[in-house]
1. Any idea of residue 124's accessible area? Nearest 10 Å², probe 1.4 Å.
2. Identify, among 311, 329, 345, the residue whose Cα sits farthest towards the positive end of the charge dipole of segment 305-350, taking +1 on the Cβ of Lys and Arg and -1 on the Cβ of Asp and Glu, with the dipole about the Cα centre.
3. Taking the Cα centre of segment 528-614 as origin, work out the dipole magnitude from +1 charges on Lys and Arg Cβ and -1 charges on Asp and Glu Cβ, in debye rounded to 20.
4. Once amide H atoms are built 1.01 Å from N in the peptide plane, which residues 5 or more positions from residue 700, or in another chain, come under 5 Å H to H?
5. What is the Cα centroid distance between segment 653-706 and segment 221-273, reported in whole angstrom?
6. Read phi for every residue in segment 568-582 and hand back ³J(HN,Hα) as whole Hz from Karplus 6.51 cos²θ - 1.76 cosθ + 1.60, θ = phi - 60°, with x for Gly and Pro.
7. By the gyration tensor of its Cα atoms, with a ≥ b ≥ c the square roots of the eigenvalues, what is the shape of segment 558-608: rounded for a/c under 1.5, prolate for a/b over b/c, or oblate?
8. Take the solvent-accessible surface of the protein heavy atoms, probe 1.4 Å, and return the percent of it on segment 548-640 that carbon and sulfur atoms account for.
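The values are calculated or read from the model by the stated rules, or taken from the named source; none is laboratory data. Quick caveat: nothing in here was measured; it's all calculated off a predicted structure. Note that we place each Cβ from the backbone using ideal geometry, even for glycine, and neighbour counts take in every protein chain shown. Heads up: the accessible areas ignore ligands, DNA and RNA and are worked out on the full protein's heavy atoms, side chains in. Shrake-Rupley method; radii C 1.70, N 1.55, O 1.52, S 1.80 Å.
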Amino acid sequence: MLAAFVLSAASVAMLGATHYYSSIKVDNAAREHAERVVANGLEQFADEIGKSSVDQTYWDEAVLYGSNRIDPKWVSDAFGRVFWEIDGFEGSILFDHRDAAVFASARGHDEAPNHYSQVIRAAKPLIASIRDRERKRGRVDVSKLVRGSQLEPITAHAIIRDEDAIFFLGASLVQPDSKAVPADRPASILVILERMDKTVTDQIGGRFLLNRPQLRLGSNPPAMGGGQAVIRDPLGRQIAAFEFDTPMPGTQLSHRLWPALALFALALLAATAWIIRAGRAMAGSLVASEARATHLAFHDQLTGLPNRARLNEGFAQLASSARRTGKQFAVMCIDLDLFKAVNDNFGHLAGDELIRLVASTIQRNCRPDDFLARIGGDEFILLQSDSSVSRASALAERVIAAIAEPVELKVGRAFIGASIGLVIVDGSPIDAQEALRRADLAMYAAKQAGRNGYAFFKPSFDRAVRHRMTMQTHLHDALASGELELVYQPQVDFAGTVIGVEALARWDSAALGRVPPAAFVQVAEETGLIDALGMFTIRRAFEDSGRWPDLRVAINVSAVQLRTGDFVDRLNALAAEVGIDPRRFELEITERVLLGDDPATVAGLNRLRALGFRIVLDDFGTGYSSLGYLQRYPIDKVKIDRTFVARVGIEPQAEAVVVAIVRLAKALGMEVLAEGVETEAQRVCLNVAGCSDVQGYLTGKPVAASEIDALIAGRSPNAQDGGDVGEDRLSA
Ligand code: C2E
Ligand code: CA
């Protein structure tokens, strides 16, 4: 910026300097020209005077009366008065053939011949030059003369100094113009004087348009800026100078140009200033846009909070200050519960609004030196500086309580919650990635322990993760090697008659031992193996169903699997391949499937139903249980969850709820079945509440297909050894 300014200032200065320099050059050239012209002019002036004298000397009478002999009367008239009266020349001197002054006239009056003694002396070179040319001319042969033409006038001129006066001298040789025969000796020479007085200088000045012309005697250099025509005597000595004010066109032009130039300079400087400002502004906006880009790169657009990239920096800062001060800090992974439901039910705008509100809610509960980042859809990381287990717990509790408050969105009220995983970082070296991984694991633990809670990271979480990873590998192999089996749990009616079975997967792993389905189903869902597991179960259940043509067969379908695009088509193809009647099959889905009102899910369920499959809502009463689901979705049957059943007979409200569910389901044309029925008391209560179909250990544990065969045949072949899970019995 400064450089640009200096550059343009330098340009202005250079322009000014160039302008000044050229105006001086122009002035000098003009002065030199004027000086030359004036010098020539002075010469010419002197020459003219010389030539003026020729009128009187180139004449027969002049030969007869002014040269061959000197007639004083004639000389006085023709060589004296006439010049004063007609031409205004100051005086004249006549030199005879010996170069002696024989006559002088001053201002029209005859004077003594040596009146101009100084001039006479100074005129010697002039006289000599005329004599020289007279000699070269030679004798005059008058017989050849025709008046006015033949003889070359012989003249000379000079400027001389006489004391304080400068004179122009014009000299001419007396010569005949016709018949007068000159004496046989040198002729007379007439010298006319003109004093260079003010009249003459003014006259010269007027002729050459000079300002303030003046004569200065001596050989001083000219005054500053003035022009000077040097005047030399015939011997070449500087005797005076004709001075004048030179025209100085450069200066004049420059004076005229200066305002324009100044304006131009101002404009240039202003333009530079403007360019600099614009440049600054541009640079400023560049910086700003770079800052914006940087901000965007490191901040979440929705909340303006730092994002994952920036989080690493925040972590590094806290870690280094923790190392310096020896204080601990906490890493909290905050994950919203039920956020997806809000997003799906109310739309993305409401979801965005909710996230913004949650962000500011969390921020309100933090101290300024805590660090909050948003690293995913509904996932925040909070770094609590100067932390401890108790401080982190207190903060987690505050945040959970604040988030659990109903949120007023533009579209309505929303209820969400938060699960928080915590890691306390002390002096031990742990990088951000590892700390976040641990906080994330702790958050999952908190979620699994029930929502709206927090959990500190424990090394066992790591083991659980490692265990899950091992399980994934083994499950993959198990699906291929046939390690997985299906068992079936009977469903009975009021009379104890088996009306159906629920297919349940069993995995007796050679490496891991018996793995609970809840565990491997979750791993399968998390690792993408659920599709293979699901198709295995369905195929096997389809195949086994042929053994019990009168029973309905219930198959659990994972929400994850149901959402895979072509599930319905593949199920349909498989049904055709195995040759089953879909009407005998119940697909058990959980409320998780319905969360979010996904239109594709609803369409899928409708298609399944259209194919003949029955849709059963499993685990009803556990999750987010909304009776509204029953109305909105194509559901044929509701399974009351065993956590409810367990409370029946103990809590009066549980029974009231069961009654309500049964009434509503039946009113909507749905069947109801209670699962996890373990006692006769429960069964009686359920019966009273209107739910007579049950499934549970009371009426039969999950058993191998062969045992269902026996059951139907009215006997239980493994009754003694407990079969698959033992204790199989029927209440009927
Ligand atoms: P679920 O669908 O709710 O299945 C019922 C679970 O309750 C079964 O556990 C069953 O053994 C257990 N159960 C039955 N009667 C009683 C009772 O009277 N008392 C108690 N305490 N439990 C009873 P299981 O077999 O361990 O299955 C757990 C979950 O794993 C199932 O819950 C189901 O959601 C899932 N699952 C099992 N097999 C499959 C499968 O093949 N595919 C899918 N997608 N999920 C499966
Ligand atoms: Ca089930």
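1. Using a 1.4 Å probe on the heavy atoms, I get roughly 130 Å².
2. Farthest towards the positive end: 329.
3. 160
4. Those qualifying (amide H under 5 Å, at least 5 residues apart or on another chain) are 729.
5. Here the two parts' Cα centres lie 121 Å apart.
6. Going residue by residue, I get 4, 5, 5, 5, 4, 4, 5, 4, 5, 5, 7, x, 9, 9, x Hz, with x marking Gly and Pro.
7. prolate
8. Details: 1790 of 3630 Å².
Percent of accessible area from carbon and sulfur atoms in segment 548-640: 49.
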